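Read the structure below first, then the notes.
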Amino acid sequence: MPALSLAAIYLAVTVVAAGSANHPSLQSVTLPPEAFSALIPQKILATANTFNSPPSYPQYTDRVAGTWQWFTPDTWTTGFFPSTLYALHTRSQLCQRDAGKLKETDWLALGRMWSAAEVPSETHTGVGHDVGFLSFPFMDELNVEPKNSSAITAVNDFAKELAARFSPIVGCTRSWDAPDPTDFQVIIDNMMNLQVLFASAELTGNDTLRQIAISHARKTTINHLRPDGSSFHVVDYNSTTGKVFDQRTSQGYADNSTWSRGQAW
Ligand SMILES: *[C@@H]1O[C@H](CO)[C@@H](O)[C@H](O)[C@H]1NC(C)=O
Ligand SMILES: *[C@@H]1O[C@H](CO)[C@@H](O)[C@H](O)[C@H]1NC(C)=O
Ligand SMILES: *[C@@H]1O[C@H](CO)[C@@H](O)[C@H](O)[C@H]1NC(C)=O
Ligand SMILES: *[C@@H]1O[C@H](CO)[C@@H](O)[C@H](O)[C@H]1NC(C)=O
């Protein structure tokens, strides 16, 4: 599989699984048959059955043989694979068309097994703002079992860590740590991490968490989005003054181009 195909599958599965339930307007959309390919559950199951010891998680493949490259649990992409398993659980319940591996697999059990190794990251992680991504499978779990106490703890702990990166002067949570702490870097990806703040605000009743998420999103609208709707990858704020001093790219083509992954987020 080419690099990033897991993310593509993840998004496709999520959109299709969530589509009919939460977004009635999507019911009229004609989805390509590939979205229902039996290869999706088949390939994901093959990976799910390769649980390594000590646990490690797939992120991308090499370019030649298509072999997964495995990463330690404390990596920004770790939550994607377990969350994909939860998405297939939802899909297997909603989707009437598909047979084979989709229906005959216990995706929930796999999602639970694959998220367990993430638990130590709740209190000891080096991923920074990406705790939001790590929290995905636990938010998924709470959609299935709202009383699961280990998932509740995970969501609250990850939210607390993200909230600790908030600067009231800047109005955002810090994404990347720079050698100069007054260089407060916020990347467009950070938008994807806000959901955990809303989830924890709902669980705890702590409205500060919700306010932090809204503040970050509003600032991002102002400083990351260009008038034509395209986006910068990185905005550098000065943490002392709160002022923007650079709008640029890190992984994209140019400072004034649109980094496609960031735009997709
Ligand atoms: C609760 O959620 C965690 C993490 O999502 C999972 O590993 C665990 O199996 C779940 N517990 C039960 C009893 O379902
Ligand atoms: C609400 O969350 C914020 C951010 O984590 C924290 O500083 C504050 O103490 C929390 N409030 C309560 C009442 O727990
Ligand atoms: C931020 O502003 C302060 C005060 O003006 C200044 O000392 C510092 O060098 C600035 N930092 C950056 C990264 O520009
Ligand atoms: C983008 O920046 C480059 C210089 O890095 C410049 O040559 C080009 O004209 C700019 N394009 C636009 C559309 O502003």
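The values are calculated or read from the model by the stated rules, or taken from the named source; none is laboratory data. Note that the structure is predicted; figures quoted are calculated from it, not measured. Neighbour counts are summed over all protein chains in view; Cβ atoms, including those assigned to glycine, are modelled from backbone coordinates with ideal geometry.
Quick one: in the range 222-248, which of the residues that are hydrophobic (A, V, I, L, M, F, W, C) and farther than 17 Å from Thr182 by Cβ is nearest to ligand 3 (Cβ to nearest atom)?
Taking the range 222-248 first, the residues hydrophobic (A, V, I, L, M, F, W, C) are 222, 225, 232, 234-235, 244-245.
Among the residues that remain, those that are also farther than 17 Å from Thr182 by Cβ are: 222, 225, 232.
On the way: Ile222: 19, Leu225: 23, Phe232: 17 Å.
Checking each candidate, the answer is Phe232.
Would you say Arg112 is more than 16 Å from the chain's Cα centre (by Cα), under 24 Å from Gln59 (Cβ atoms) and not assigned by TED's automatic domain parsing to the domain that holds His89? When the stated conditions are applied, Arg112 does not pass them.
Looking across the range 37-82, the residues that are touching a strand residue (DSSP E or B) at 6+ places or on another chain (Cβ under 7 Å) and among the hydroxyl-bearing types (Ser, Thr, Tyr) come down to Thr47, Ser56, Tyr57, Tyr60, Thr61, Thr67, Thr75, Thr77, Thr78. Being in a loop (DSSP other than H, G, I, E, B) and under 22 Å from Asp189 (Cα atoms) is the filter here, so list the residues in the range 59-96 that pass it. Passing the criteria: Thr72, Pro73, Asp74, Thr75, Trp76, Thr77, Thr78, Gly79.
Summed over the range 108-129, the residues that are more than 16 Å from ligand 2 (Cβ to nearest atom), touching an Asp or Glu at 6+ places or on another chain (Cβ under 7 Å) and part of a loop (DSSP other than H, G, I, E, B) give a count of 2.
Among the residues of the range 68-86, are any assigned by TED's automatic domain parsing to the domain that holds Ile44, polar (S, T, N, Q) and loosely packed, with under 14 Cβ neighbours inside 10 Å?
Within the range 68-86 (the criterion being assigned by TED's automatic domain parsing to the domain that holds Ile44, polar (S, T, N, Q) and loosely packed, with under 14 Cβ neighbours inside 10 Å), the answer is yes, since at least one residue qualifies.
The set of residues in the range 52-97 being touching a Leu at 6+ places or on another chain (Cβ under 9 Å) and over 19 Å from Ser135 (Cα atoms) consists of Tyr60, Thr61, Trp68, Arg91, Ser92, Cys95. Filtering the range 141-169 to residues that are among the basic types (Lys, Arg) and within 12 Å of ligand 1 (Cβ to nearest atom) leaves only Lys147. With respect to being surrounded by fewer than 16 Cβ atoms within 10 Å (Cβ to Cβ) and within 16 Å of ligand 3 (Cβ to nearest atom), Asp255 falls outside the description.
Kindly check whether there is at least one residue in the range 130-140 that is touching a helix residue (DSSP H, G or I) at 6+ places or on another chain (Cβ under 8 Å), assigned by TED's automatic domain parsing to the domain that holds Phe51, assigned to a loop (DSSP other than H, G, I, E, B) and closer than 19 Å to Asn190 by Cβ. No: zero hits. Of the numbered conditions (1) over 19 Å from Thr204 (Cα atoms); (2) at pLDDT 90 or above; (3) surrounded by 15 or more Cβ atoms within 10 Å (Cβ to Cβ); (4) out of contact with any Lys or Arg (no Cβ under 7 Å at 6 or more places or on another chain), Lys101 satisfies every one except a single condition; which is it? Every condition holds for Lys101 apart from (2).
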